[in-house]
1. Tally up the residues in region A:45-64 that are part of a helix (DSSP H, G or I) and within 11 Å of chain B (Cβ to nearest Cβ), please.
2. Is it true that residue B:105 is in contact with a Lys or Arg (Cβ under 9 Å, 6 or more places away or on another chain), without any contact (Cβ under 8 Å) to a residue 24 or more places away in the chain and either more than 15 Å from residue B:46 (Cα to Cα) or away from DNA strand D (no atom under 16 Å from the Cβ) (or both)?
3. Restricting the search to region A:148-161, which residues are more than 7 Å from chain B (Cβ to nearest Cβ) and either touching a strand residue (DSSP E or B) at 6+ places or on another chain (Cβ under 9 Å) or in contact (Cβ under 8 Å) with a residue 24 or more places away in the chain (or both)?
4. Do we find a residue being in a helix (DSSP H, G or I) and either under 23 Å from residue A:35 (Cα atoms) or modelled with pLDDT under 95 (or both) anywhere in region B:80-102?
5. Quick check on my filter: what residues within region A:110-134 are more than 7 Å from chain B (Cβ to nearest Cβ), part of a loop (DSSP other than H, G, I, E, B) and at pLDDT 80 or above?
6. Among the numbered criteria (1) under 27 Å from residue B:111 (Cα atoms); (2) free of Cβ contacts under 8 Å to residues at least 40 places away in the same chain; (3) surrounded by 17 or more Cβ atoms within 10 Å (Cβ to Cβ), which one does residue A:73 miss?
There are 2 protein chains.
Amino acid sequence: MKNSPDSPTKHAETPSTSKQASRQRLQDDPCSVARALSDVGDWWSLLIVRQAMYGTRRYVDFQQQLGIAKNILGDRLSRLVENEVLKKVDVGEHGQRFEYRLTPKGKDLFTVLVALRQWGDRWNRRDDEAPLRMVDRRLGQPLQNIQVLDAEGQPVGINDVLSLPR
Amino acid sequence: MKNSPDSPTKHAETPSTSKQASRQRLQDDPCSVARALSDVGDWWSLLIVRQAMYGTRRYVDFQQQLGIAKNILGDRLSRLVENEVLKKVDVGEHGQRFEYRLTPKGKDLFTVLVALRQWGDRWNRRDDEAPLRMVDRRLGQPLQNIQVLDAEGQPVGINDVLSLPR
DNA sequence: GCAATCTGGTTTCATTTAGAAACCTTAGTC
DNA sequence: GACTAAGGTTTCTAAATGAAACCAGATTGC
């Protein structure tokens, strides 16, 4: 309850300079992890990409399958298009029809999503759920666990790497 | 679920039932990707984990290195502890000293972070930046690109897998 | 012994964002 | 020409974020 005797001003002398959101600040971060997160680092974006990988392409389908508010979905889709993770394709024949399809950049998130899924399966498994559901088309068998490998193909963990400071 | 077309009230007859945030709803999602995101799916959590992998352990260091507001940092750290990604260790000898260290679950996010970093390096590269900085300790050479492999070790892409619906 | 300092927070308040529902627009369909 | 569907935008409220102020326990400095 002590009020310091000097500063009478409440706070915030410079309310500007904050640009916009974390996204903006991450966008120019020197670390590529931060920049990756500025593309897909919020609650919904990766879920939209996951859904796209399952084959979802249309606005209404994303909306219903994810249970996301329409305005937020619109915002996320346009940001993903802007960041070239999705592309918006006009397939209008009868009625207004657009499809949001994964770009190569978006498809390349496959690795990230599989890594995240496997991590979730390892550590947040739920007993009422089968642990794996993704199988490859050729063999019909579960995928291998994703690993980080060194130049010779040996698996490495967090303690085996040096992050050379720039 | 659907509101019958008569109700003339503006909106929100039941302002409750929304629990809290997306986190809460994702927590019980049947998809492990969603549950993984409920642990580390916001703007800051993965950056905190990344920083922890670089060796950061103390509150003030996280705060300064990430430029995160202290209240947000406190919230994220306690949530990460709650989700068993970090553990809070009292190392108090002189003064108040705590360390936030990665748990095995947290260390296992290494794969996800490397996947994300490599994706960022591939698609959001900045010209003023060396493309890779992580080398393994044993060979001193860059790591391999992370791949998704089938049971026989062949790389598979998004179009080569079937996601068996549960 | 007492003020200054360091660490690790919590509180307060203004700004942003998310979310729900209503509304709008274009284009078929009946 | 009314109705429906897709694909949004607008409006409004609730919640999260962020900056700075404040606080408390222990330690050093004197």
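The values are calculated or read from the model by the stated rules, or taken from the named source; none is laboratory data. What you see is a predicted model, and the numbers here were worked out from it, not measured in a lab. As a convention, Cβ positions derive from the backbone with ideal geometry for all residues, glycine included, and neighbour counts pool all protein chains shown.
1. 8
2. Taking the combined requirement at face value, the residue satisfies it.
3. Scanning region A:148-161 gives A:154, A:155.
4. Yes: region B:80-102 contains one or more residues that are in a helix (DSSP H, G or I) and either under 23 Å from residue A:35 (Cα atoms) or modelled with pLDDT under 95 (or both).
5. A:125, A:126
6. Just one mismatch for residue A:73, condition (1).
To keep it simple, each residue is scored yes or no on (1) more than 9 Å from DNA strand D (Cβ to nearest atom); (2) at positive phi; (3) touching a Lys or Arg at 6+ places or on another chain (Cβ under 8 Å).
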position: A:33; (1), (2), (3): yes, no, yes
position: A:38; (1), (2), (3): yes, no, yes
position: A:44; (1), (2), (3): yes, no, yes
position: A:54; (1), (2), (3): yes, no, no
position: A:74; (1), (2), (3): no, no, no
position: A:80; (1), (2), (3): yes, no, no
position: A:86; (1), (2), (3): yes, no, yes
